[in-house]
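Bear in mind these aren't lab numbers, they're just calculated from the coordinates by the rules spelled out. Values in this document were obtained by computation on a predicted structure and should not be read as measured data. When we count neighbours, we look across all protein chains shown, and the Cβ atoms used for this are built from the backbone with ideal geometry, even at glycine.
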Amino acid sequence: MAKIFCVANQKGGVGKTTTTVNLAAGLAKVGQRVLMVDLDPQGNATMGSGVDKRQLALTIYDVLLESASINEARVRSEKCGYDVLGANRELAGAEVEMVDIERREKRLKTALAEVQAQYDFILIDCPPSLSMLTLNGLCAAHGVVVPMQCEYFALEGLTDLVNTIKQVHANLNPDLAIIGLLRVMFDPRITLQQQVSDQLKAHFGNKVFDTVIPRNVRLAEAPSYGLPGVVFDPAAKGSQAYVEFAREMVERIKTL
């Protein structure tokens, strides 16, 4: 059965989508069967996986409103080696349409149950706000992977996220836990980043992944070519770090 992980952080611009698509590509590279679910109406994870969101006949929007199944809506990204349940602007309307419907926070969980046996990992790219979409992701997941920059404001955002996860754990999803914190866009030359990194390790211990993703130009360029960095330039330091992270994830779920 697949392990379902949300990639979430309430702070914007911390590399959630970059982490989701590169982890998906990294896991595919090390032989895992992966489904990447894009829960963000911007559809960046869809485009960054080599799938044109404008051409999609069915998306996560149709799945949440139960007018299509995941089997019908998913597409294969041949270049990247994993399946994509894509999103586009339509998804922004789902929030409003889901206000009055039953089990609205469990729609994604129900849909994923049908395909869980077909994958080793299901990764969910969440929007930066705590919305009904993010709540669907958190209710469906076994755990949360938190990408974060080693900066002061990132620590503040982390406190909010931990509180949110505790609330969802208590009220909606008793399986939910933080799987780990991933340090991204890391520059070891900056003293503050080293200090925040040390603070994270002191406070969260083994919840901090060993792998560190360096600040890397090739990772930043890759989305403009519609590919994860791992596929776009496998030799880049950032790409190699994400493949290493994928291996660490495979090892870590054995101990969960």
Which percent of Cα pairs goes in each bin when the distances of the range 10-159 are cut into 10 angstrom slices starting at zero?
11, 44, 35, 9, 0
Would you list R189, R74, R33 from fewest to most Cβ contacts within 10 Å?
R189, R33, R74
Sort the following peptides by mean Cβ neighbour count (other Cβ atoms within 10 Å, averaged over residues), highest first: 242-255, 6-19, 97-110.
6-19, 242-255, 97-110
For G180, the net charge from surrounding residues (Cβ-Cβ under 15 Å; K, R +1; D, E -1) works out to +4
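When the Cα atoms of the chain are enclosed in a convex hull and the volume is divided per residue, what value in Å³ results?
On the way: hull volume 28.9 nm³, N = 256.
It comes to 113 Å³ per residue, whole-number rounded.
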Using just the alpha carbons, could you tell me how many Å³ per residue the convex hull of the range 163-256 encloses?
134 Å³
Give me F5, F186 sorted ascending by neighbouring Cβ count inside 10 Å, so fewest comes first.
F186, F5
Rounded to whole Hz and in sequence order, give me ³J(HN,Hα) for the range 156-165 from the Karplus expression 6.51 cos²θ - 1.76 cosθ + 1.60, θ = phi - 60°, writing x for Gly and Pro.
4, x, 5, 4, 4, 5, 4, 5, 4, 4
Apply the Karplus curve 6.51 cos²θ - 1.76 cosθ + 1.60, θ = phi - 60°, to the phi angles in the range 98-108 and return the couplings in whole Hz, x for Gly and Pro.
8, 4, 9, 8, 6, 6, 4, 7, 10, 4, 5
CD proxy at 222 nm, helix term only [per DSSP H run n ≥ 4: -39500 (n - 2.57); per residue of the chain; nearest 500]
-12500 deg cm²/dmol
